[in-house]
Each structure stands twice: as C-alpha cells, then as structure tokens.
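Novice: Pasting a structure below so you can have a look.
Where a number appears in this text, it was derived from the coordinates with a stated rule and is not lab data. Since this is a predicted model, take the numbers as computed values, not measurements. Backbone-built Cβ (ideal geometry, glycine too); neighbour counts: all protein chains shown.
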C-alpha cells in the first residue's frame, strides 16, 4: 500500500513541476487520472482499515494474539479446521449408517432365531403329545384320570 501511496504522491509532484505545452494533452489527462487514483486509493485505505479492525476482532474472538497473528496463518488454520470438521462429520454419518445397518441385521437375525426356536418348541411339544397318549386324556386339573379322585 505504501508503494501505491508513494506512486500517487510522485505523480502529483511530477504534475506540479510539469510545464504545460500548448496542444499537449498529457498534463490534463494525467491530472484526471491522478484525481481518480487518489480518490480510489483513499477509499481503498478506508476499506483496508475496516478490514484490519474486523480481523482483529475475529482474532480476539478466537483467543489469538492480535499483534502476532498473520491473516495467512490464521485463515490457513481455519481452512484446515473446516476441512477436518467436515471429514469428522462425514465419518460420524458413515459410522451411524453402519451401526444402523448392523442393528437392522441383528434384529432380523434375532427375529429369525426367535421364529426358529418357537417352531422348534412347537415341534417338540407336538412330538411329546404324540408320544404320550396319557397326556391327551388329562382332566380339567391337568392330571391323568387315575388321579382325578383327589379333587372330587
């Protein structure tokens, strides 16, 4: 910025010392250029000051040393943080999807096992009922007819 400021000042000095030659348009053109450049440069300096103040506020918010921190380093760190954050977020989402898929597989396996056990139990009960004809003749108390005299 100082080089530009010095260059604008140099143009001003040159224009002051330059003699006006009749028919030569150099001085009027460069005077117009100098005025425009000076105005634009002043606006740029104001914007730079606003940006520097805002950057210092950001440094304070992040607990950085406002005298030592450089924008390049700070924003490189922020970029790295953002990239790592997105990577961790993606990993967490992937892990959640994998855990959900595993949970569903386990639920399906548990349900299949429960059906298998129920079917096996029903088959055992049916086989047991066929093997013991006396069990088919149980009375209302669940006892064979020979013991029903106990409940009369």
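Novice: Which of the numbered conditions does residue 74 fail, given that it passes all the others? Conditions: (1) touching a residue at least 12 places away in the same chain (Cβ under 8 Å); (2) more than 29 Å from residue 8 (Cα to Cα); (3) over 21 Å from the mean Cα position of the chain (by Cα).
Specialist: Against the list (1) touching a residue at least 12 places away in the same chain (Cβ under 8 Å); (2) more than 29 Å from residue 8 (Cα to Cα); (3) over 21 Å from the mean Cα position of the chain (by Cα), residue 74 comes up short only on (3).
Novice: What pairs come up if the first residue lies in segment 1-29 and is surrounded by fewer than 10 Cβ atoms within 10 Å (Cβ to Cβ), the second is assigned to a helix (DSSP H, G or I), and their beta carbons are under 6 Å apart, counting only those six or more places apart or on different chains?
Specialist: Qualifying pairs under 6 Å: 20/27.
Novice: Further, regarding this structure: Residues to consider are 99, 64, 107; find the one that is part of a loop (DSSP other than H, G, I, E, B) and without any contact (Cβ under 8 Å) to a residue 12 or more places away in the chain.
Specialist: 64
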